[in-house]
1. List, please: which pairs have Cβ atoms under 6 Å, are six or more places apart or on different chains, and start with a residue in segment A:531-544 that is closer than 18 Å to residue A:69 by Cβ and touching a residue at least 40 places away in the same chain (Cβ under 8 Å) and end with one that is among the β-branched types (Val, Ile, Thr) and not in a strand (DSSP E or B)?
2. Is there a residue in segment A:164-172 that is modelled with pLDDT under 95 and hydroxyl-bearing (Ser, Thr, Tyr)?
3. Let me spell it out: the conditions are (1) more than 13 Å from every other protein chain (Cβ to nearest Cβ); (2) more than 30 Å from residue B:68 (Cβ to Cβ); (3) touching a Leu at 6+ places or on another chain (Cβ under 9 Å); (4) of a type in the set (Val, Ile, Thr), and residue B:301 meets all of them except one. Which number is the exception?
4. Condition (residue is under 30 Å from residue A:501 (Cα atoms) and surrounded by fewer than 16 Cβ atoms within 10 Å (Cβ to Cβ)) applied to segment A:125-142: is it met by at least one residue?
5. I need a count of the residues in segment A:356-394 that are of a type in the set (A, V, I, L, M, F, W, C), closer than 11 Å to residue A:315 by Cβ and not in a helix (DSSP H, G or I).
6. Restricting the search to segment A:329-339, which residues are farther than 15 Å from residue A:526 by Cα and either touching a strand residue (DSSP E or B) at 6+ places or on another chain (Cβ under 8 Å) or of a type in the set (A, V, I, L, M) (or both)?
7. Are any residues in segment B:34-45 at the interface with chain A (Cβ under 8 Å from one of its Cβ atoms) and assigned to a helix (DSSP H, G or I), and if so, which ones?
Amino acid sequence: MQFREAALARSIISFDRRTALKGLAGALLAGISMSPALAQDAPVTGGTLIYLEQQAHTNLYPPAGGFYPNGGVLNQITDKLTYQNPQTLEIEPWLAESWEVNDTATEYTFKLRPGVTFSDGTPLDAKVVALNYDTFGLGNKELKYPVSEVINNYERSEVIDELTVKFYFKAPSPGFLQGTSVIGSGIVSASTLAQPYDALGDATKIIGTGAFVVESETLGKELNLKARTDYNWAPAKFEHQGRPYLDAIKYIITPEDSVRIGALLAGQADVIRQIQAYDEPQVIDAGYSIYAPSTRGINDAISFRPANPLVADLKVRQALLHATNRQEIVDTLFSSNYPLATSILSSQAAGYVDLSSKLVYDQEKAKALFAEAGWTPGTDGILEKDGQKLDLTVYVSLPQPQNEAVLQLLAQQWAQVGVKLNVLAGDAGSRTLDLLDPIKTPVNVTMVGRADPDVIKSGYHPKNRDWLLQKGGSSDKTDFVDDKLNGLLEALAAETDRTKRLAIAADIQNYVVDQVYTIPFFEEPQAFATAPYVQGLEFEAVGRPSFYNVWLEAH
Amino acid sequence: MTRYIASRIGQALFVLWVAFTVAFLLLQALPGDAVLIKFQSPDLGLSPEQIADLREAYGVDSPLWQQYLQALGNFLTGQFGYSVVGSVPVAQELLANLPATARLAGAGFVVAAILAFALAFLATLAPFRWLRGAIQSIPALFVSVPVFWLGIMLIQIFSFRLKWISVINPGEIEGLILPVLTLAIPISAPLAQILMRNIDEASTQGYVAVARAKGASPSWVLWKHIAKNALLPTLTIAGILFGELLAGAVITETVFGLNGIGGLTERSVRFQDTSVIQAIVVFSAAAFVTVNLIIDLLYPVFDPRLRKAKGVFA
């Protein structure tokens, strides 16, 4: 076991060092220039990468890229106007060579890189970029396109000249520049956007400017991408330019965990997505690598719906926070790739503040707080007040790693102070409906990845994901509203001064933790495993893989 | 004969309509709907107004009878609509998955039948009583093996340990070997059991004793006299097992990462993807009805008594 842990630590250190080197050098080849052991290895062009994905992609409309399997495909076949450096989180040029923003962040002008073409041969020009953002920003009711979550207050576009496009916003939208770099903002051709939304689950219909092109697909089984040999517009600061090293990528849907890992170790696959913490040691022992890039947004957590009288009292929520042994959850179920959360935001997110001193486990304090709030243990040990039992319900969230185990452990911890937590799986329909009713679900699992402070608004604002179920939001069964929080969220989305913006982000984190609207567990990574000969695997700022720099060592 | 077949086809169409209607009603009775599940999903992060707009665009809140008539009308004119989850036309999704399932289920059925016959014959012909007893208990073992476990074990042993067969990116035939075995083994069990029991029963009949008395060898008796008579009830069971074959395919497809109707059904039910489920229900019902019709028509081939009774096949 000790050996295993040592091996685990080693692999993570080597991964960290590599990423750090990449950051330092700004080089995007796997740390080759500075590491003597790897210095002789020049990237090799050619080969097909076999990538095992847990689930089939669904709709490949770029704003639907939040679903990991979709993002994993879109990141190869589409490019964005800008590139967010995953190390510095700075916004760098990509399809846009340069840009200008007015003082109030209501007008953005982008100058496009010349010579870029879509894989169907049509040129990337201001007109098609304008069409993309008009669709992302406003939706298209006729073709049923929903709007993109990352674009707030969009008004219209204007084509200035062939390679210059300008976007206007109804209100300040300082998060927009970062929004042009995210997975949901991949630029697609006009022919793609002429399809009805309901037809975009067919990958062959998605025409982008990316380094790879969809060659063929068997729905629900496999997807074949081939390299674009004329690709010559990688993000400007990349060391590697020109065509990707790989000739092709074969995505194979392999839902069963043990089959993905077994196939990787048996040499039948090169990269696999989604590997659970408990499977990491066997991969590392075999000399393979684990990559666990952070999703850099709001941590894996539970949030309360204060419209439910059981959790309306701040003292009750504080007591539940102190009854939660977060360290035990991380230690029992996860590995060092899942760091303990120290705020609602990931420690790798812009605007993060360390609030670990507020997020302490203290069972005695929890009991005292329950007593203060008037909750006393009943005959069955469950807390009671006015004949009402402290009996809460939460639904398991399937995309979150080992979420059922996390919630079961939490239920055990809360049971020690007399709180009953029912953990439900449920069918998708009941789950979706119950989650809109605070009485049925006083607690909900929450998490969202995006490397911009706007992500906090995405999570909490009633007009976005509405995690607290506020009045005027997604539920008609709530009368809870927190004007202070909403004011802060709106100020965050509108503040154009970066320092002030980050200060507001810090205020919100403090406020949410003080109000115990959310109990964060850990910083959620996306976990991948690769064979030892796979070099140069990288991730965009929220953990979607990029295969542009990947090459296969002789093996 | 023509009248018989016509009435059977009429029955089949009625069954299909009932299947369509019952599926429609059951799906409507479930809480929520596909559009809600899809667009309320946090992956899209849509606002309540945007979700309301989309619900209107999809017409999911119109009266039930209106939705039913529209669905039925579309179906009759061959428009299966779009899969909400997969975001492709339902017809395209079926085309991608039906052949794969047909291959898997077809091969699985043939292998199951071969296994069942082999077991039943061995159980009768094997030289020692203890050996016959052992073979007779194999179906009980086969039927109790969980399909997912069997699949994973076969993969672990033959693909990952022995490296004989590739599960990832295999050749056309190579890719079928393990899934077909996984599917065939549990299906073969009830077939073998029925066959064994019928062979036992038929063996006690007078004509068998006569044949033996005439000096026929045990295998001759089994093949010429017993098997023919034991086959009929087995055929009936085979028709019913076809449904089980589709159910077993769900797990097999998941374990082996195959596309197919099984996996598609599971996904569509989970997300209440109505248009896909309706198409699958009708297609499965059609397949089920057809298989059972063929089996009915086969009875007289195997049993001359039925031939005389109907008189039309002579």
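1. A:537/A:550; A:542/A:295; A:543/A:295; A:544/A:183
2. no
3. (3)
4. No, segment A:125-142 has no match at all.
5. The first filter runs over segment A:356-394 and keeps only residues of a type in the set (A, V, I, L, M, F, W, C), leaving A:359-360, A:366, A:368-371, A:373, A:375, A:382-383, A:390, A:392, A:394.
Next cut, closer than 11 Å to residue A:315 by Cβ only: A:366, A:368-371, A:373, A:375.
Next, only the ones that are not in a helix (DSSP H, G or I) stay: A:373, A:375.
Residues in segment A:356-394 being of a type in the set (A, V, I, L, M, F, W, C), closer than 11 Å to residue A:315 by Cβ and not in a helix (DSSP H, G or I): 2 in total.
6. Passing the criteria: A:329, A:330, A:333.
7. Once the filter is applied, which keeps residues that are at the interface with chain A (Cβ under 8 Å from one of its Cβ atoms) and assigned to a helix (DSSP H, G or I), segment B:34-45 yields B:36, B:37, B:39.
Condition check ((1) aliphatic (A, V, I, L, M); (2) touching a Gly at 6+ places or on another chain (Cβ under 8 Å); (3) not in a loop (DSSP other than H, G, I, E, B)) across all residues:
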{"site": "A:349", "(1), (2), (3)": "yes, yes, no"}
{"site": "A:398", "(1), (2), (3)": "yes, no, no"}
{"site": "A:418", "(1), (2), (3)": "no, yes, no"}
{"site": "A:439", "(1), (2), (3)": "yes, no, no"}
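The values are calculated or read from the model by the stated rules, or taken from the named source; none is laboratory data. Quick caveat: nothing in here was measured; it's all calculated off a predicted structure. Counting neighbours? That spans all protein chains shown, and the Cβs are built from the backbone with ideal geometry, glycine included.
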